[in-house]
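Below: one structure, written as structure tokens.
Read-outs throughout are calculated quantities, based only on the coordinates presented, and are distinct from any laboratory measurement. Bear in mind that the values here come from a model prediction, so they are computed numbers and not experimental data. Note that we place each Cβ from the backbone using ideal geometry, even for glycine, and neighbour counts take in every protein chain shown.
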Amino acid sequence: MKTKTGMAAATFFITAASLIAGFFMPDLAGRAADQNLTVQTEIFAIEKIPSAANAKLPDMLKLANSYANEVYLNRGDERDESEIETTVAYIISRLSEYKVLDKIRYGDISVHPFIAVRGEMLSDAAFGYADMDNAASTGDAEGNTSDVSGQRRSDDNVQMGILWNCSVNDLETDATLDMLIDDRSGKLLSFAFTRSRSYPGTEESGSQEESVGAIQRDLQARGLEMRDFCEEYYGFRHVKTESYIEGEPYFVRMYFEDENGDAIVLDLKCDQTGTWYSWN
């Protein structure tokens, strides 16, 4: 009798345990699968970037200006958030010293790593994406072109790279500075600076023609400072600078060469009100 009672109790216990497990296990299994998938996705994203492994700085500058899609990451590969925040603070200080940017008083620094993808989003085509821009000239939306056929071009086949999207806000003027920083080299790849019309120096004074002329002269002056910054910060050799101040946006185009003779073309732009600046 005891044996039958014991067997019945054991059977009941096993059945109850099975029901409980059956009720909770799908959720636990789902969580484990989701967690495993997340980890695998992140590892895939970081390790499947063959074109950026040996990319030179000119390649990454071009990628920052031409990528079409983003794949967000939880971490960088070479650098962490603390290192990037320190880099951002240093870059802001240097750009202010060169008077490329006005001094800003900022608080928290927002930093987020991502994979910049030039072609289709992580498809087979993304790894073998053919760059169709093989012309020996560069142009803008207004159709202005400049011949660079005499300069050696860097590798146009860099399809992916890990970048950091960084942003700060001016606590006094509400201006915003956004940057892209290369994860591997830690170098600035581009920036955009937006300020309100109430920002010092942006008030309209005199005629419209005088106001526009002042903004154009300001851009050209900042372009000269940016040229000097690039020579010191990147070690590039300046070749020539051209100004385009007829259409909008206004921009100063700078031509450089790196130590290997590869050509780098970088633009400093602003709008007609002088409230927005961008580089590269």
Less than 9 Å Cβ to Cβ from residue 183, Lys/Arg counted +1 and Asp/Glu -1: what total charge do the surrounding residues give?
-1
What length, rounded to one decimal in nm, is gained on full extension from residue 172 through to residue 259, with 0.36 nm per residue of separation minus their alpha-carbon distance?
27.2 nm
Quickly rank 92-105, 170-183 as a protection proxy: mean count of other C-beta atoms within 10 Å, highest first.
170-183, 92-105
What does the charge add up to near residue 171, with Lys and Arg as +1, Asp and Glu as -1, over the other residues with Cβ less than 14 Å from its Cβ?
-2
Which length gain, in nm to one decimal place, applies between residue 82 and residue 232 when the Cα-Cα distance is subtracted from 0.36 nm times their residue separation?
51.6 nm
Simple spin-label model, 7 Å along Cα-to-Cβ: residue 240 to residue 74 in nm?
5.2
